[in-house]
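Enquirer: Here it is: the structure, laid out below.
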Amino acid sequence: MIISETKLKGAYIIDIERREDPRGFFARTFCQREFRALGLNPSIAQANIASNVRRGTLRGMHFQFPPASETKLVRCTRGAILDIIVDLRPESSTFLQHVAVELNEINQRALYVPERFAHGYQTLADDTDTSYQVGEFYTPEAESGLMYNDPRLGLTWPLPISVISEKDQNFRLLSEVEAELKGRMELADIDG
Ligand SMILES: Cc1cn([C@H]2C[C@H](O)[C@@H](COP(=O)(O)OP(=O)(O)O[C@H]3O[C@@H](C)C(=O)[C@@H](O)[C@H]3O)O2)c(=O)[nH]c1=O
């Protein structure tokens with residue numbers, strides 16, 4: 001694997017190294033030891049897939065509050081997505097900055113999303129599937145999100161939105177929730 005840090009500390013792009021032969025290729029997509037060596041969380045609580053019928057489908061911007069905040073290792077197994085993550089760590093010098101990465105069935109790229117980030121994506125093709133490993137259990141009471149078109153986030157989605165869930169159209173704006181979000185996203189006081 002070729003693991004490269006993005007401009008957001010702790011968020012990594014992971015590319016595969018193909019071992020080609022007449023059958024096709026083989027590549028590693030995950031390794032506990034390599035993750036641990038770079039300080040990535042190697043534990044997997046759940047693994048999920050999602051399937052999207054139409055190009056332009058948008059899912060996001062999702063997160064779980066601590067202590068249920070999740071790491072995510074996201075890939076696109078069919079079709080293509082633009083994957084976007086937003087840094088929600090109040091102490092971070094890149095708080096509220098984002099990174100957008102195209103993940104598709106050709107590049108086989110994955111994005112490692114650290115804890116306390118919002119995550120979402122838009123499909124760039126019909127019949128697009130994603131697969132992701134999550135470092136924490138699904139905890140509906142800790143689930144929250146931000147609006148994909150929140151002006152404070154300044155996210156650029158490449159296509160008109162064709163399909164979006166009702167939930168994703170009804171998150172509150174950052175301007176309404178910033179103080180609460182910062183308070184709930186703060187690191188626990190380990191001396192405390
Ligand atoms: C995320 C999740 C949902 N569900 C249920 C709740 C609901 O009935 C149905 C669909 O849930 P959602 O609408 O939240 O699915 P979706 O919008 O695909 O949610 C996902 O979006 C991407 C962007 C992420 O980052 C993921 O972590 C996750 O939040 O599946 C689970 O049972 N377990 C889970 O882990």
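Matching residues to (1) under 22 Å from Met1 (Cβ atoms); (2) free of Cβ contacts under 8 Å to residues at least 12 places away in the same chain; (3) surrounded by 14 or more Cβ atoms within 10 Å (Cβ to Cβ):
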residue: Leu88; (1), (2), (3): no, no, yes
residue: His98; (1), (2), (3): no, no, yes
residue: Tyr112; (1), (2), (3): yes, no, yes
residue: Arg116; (1), (2), (3): no, no, yes
residue: Ser144; (1), (2), (3): no, no, yes
residue: Thr156; (1), (2), (3): no, no, no
residue: Ser175; (1), (2), (3): no, no, no
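Enquirer: A further question on this structure: Out of (1) farther than 26 Å from Gln32 by Cβ; (2) more than 15 Å from the ligand (Cβ to nearest atom); (3) out of contact with any Lys or Arg (no Cβ under 8 Å at 6 or more places or on another chain), what's the single condition that is false for Glu102?
Expert: Evaluating Glu102 over (1) farther than 26 Å from Gln32 by Cβ; (2) more than 15 Å from the ligand (Cβ to nearest atom); (3) out of contact with any Lys or Arg (no Cβ under 8 Å at 6 or more places or on another chain) leaves (3) as the failure.
Enquirer: For the range 1-10, what are the residues that are part of a loop (DSSP other than H, G, I, E, B) and within 19 Å of Leu103 (Cα to Cα)?
Expert: Passing the criteria: Met1, Thr6, Lys7, Leu8, Gly10.
Enquirer: Within the range 137-145, identify whether any single residue is among the charged types (D, E, K, R), within 16 Å of the ligand (Cβ to nearest atom) and within 21 Å of Glu102 (Cα to Cα), and answer yes or no.
Expert: There is no residue in the range 137-145 that is among the charged types (D, E, K, R), within 16 Å of the ligand (Cβ to nearest atom) and within 21 Å of Glu102 (Cα to Cα).
Enquirer: Could you check how many residues of the range 60-69 are assigned to a strand (DSSP E or B), more than 7 Å from the ligand (Cβ to nearest atom) and surrounded by fewer than 22 Cβ atoms within 10 Å (Cβ to Cβ)?
Expert: Summing the residues that are assigned to a strand (DSSP E or B), more than 7 Å from the ligand (Cβ to nearest atom) and surrounded by fewer than 22 Cβ atoms within 10 Å (Cβ to Cβ) in the range 60-69 gives 1.
Enquirer: Follow-up question, since we're still on this one. Please give the strands (runs of 3 or more DSSP E) falling wholly within the range 82-192 in which 3 or more residues are within 20 Å of Arg59 (Cβ to Cβ) and of a type in the set (Val, Ile, Thr).
Expert: Fully inside the range 82-192 and qualifying: 128-134.
Enquirer: Looking at Gln122 and the list (1) closer than 24 Å to Gln32 by Cα; (2) within 13 Å of the ligand (Cβ to nearest atom); (3) in contact with a Lys or Arg (Cβ under 9 Å, 6 or more places away or on another chain), which single condition is not satisfied?
Expert: All conditions pass for Gln122, except number (1).
To keep it simple, each residue is scored yes or no on (1) buried (at least 16 other Cβ atoms within 10 Å of the Cβ); (2) free of Cβ contacts under 8 Å to residues at least 12 places away in the same chain.
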site	(1), (2)
Glu5	no, yes
Pro22	no, yes
Leu40	yes, no
Ala47	no, no
Gly56	yes, no
Thr71	yes, no
Arg75	yes, no
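Enquirer: Determine which member of the set Glu166, Glu176 is modelled with pLDDT of 95 or more, within 11 Å of the ligand (Cβ to nearest atom) and out of contact with any strand residue (DSSP E or B) (no Cβ under 9 Å at 6 or more places or on another chain).
Expert: Glu166
Enquirer: With the requirement that a residue be under 18 Å from Leu73 (Cβ atoms), part of a loop (DSSP other than H, G, I, E, B), more than 13 Å from the ligand (Cβ to nearest atom) and of a type outside the set (Val, Ile, Thr), what does the range 11-59 give you?
Expert: Those that are under 18 Å from Leu73 (Cβ atoms), part of a loop (DSSP other than H, G, I, E, B), more than 13 Å from the ligand (Cβ to nearest atom) and of a type outside the set (Val, Ile, Thr): Ala11, Glu17, Ala27, Arg28, Phe30, Cys31, Gly39, Leu40, Asn41, Pro42, Ser43.
The values are calculated or read from the model by the stated rules, or taken from the named source; none is laboratory data. Since the structure is predicted, the reported quantities are computational estimates derived from the model, not experimental observations. Positions of Cβ are backbone-derived with ideal geometry, glycine not excepted, and every protein chain shown enters the neighbour counts.
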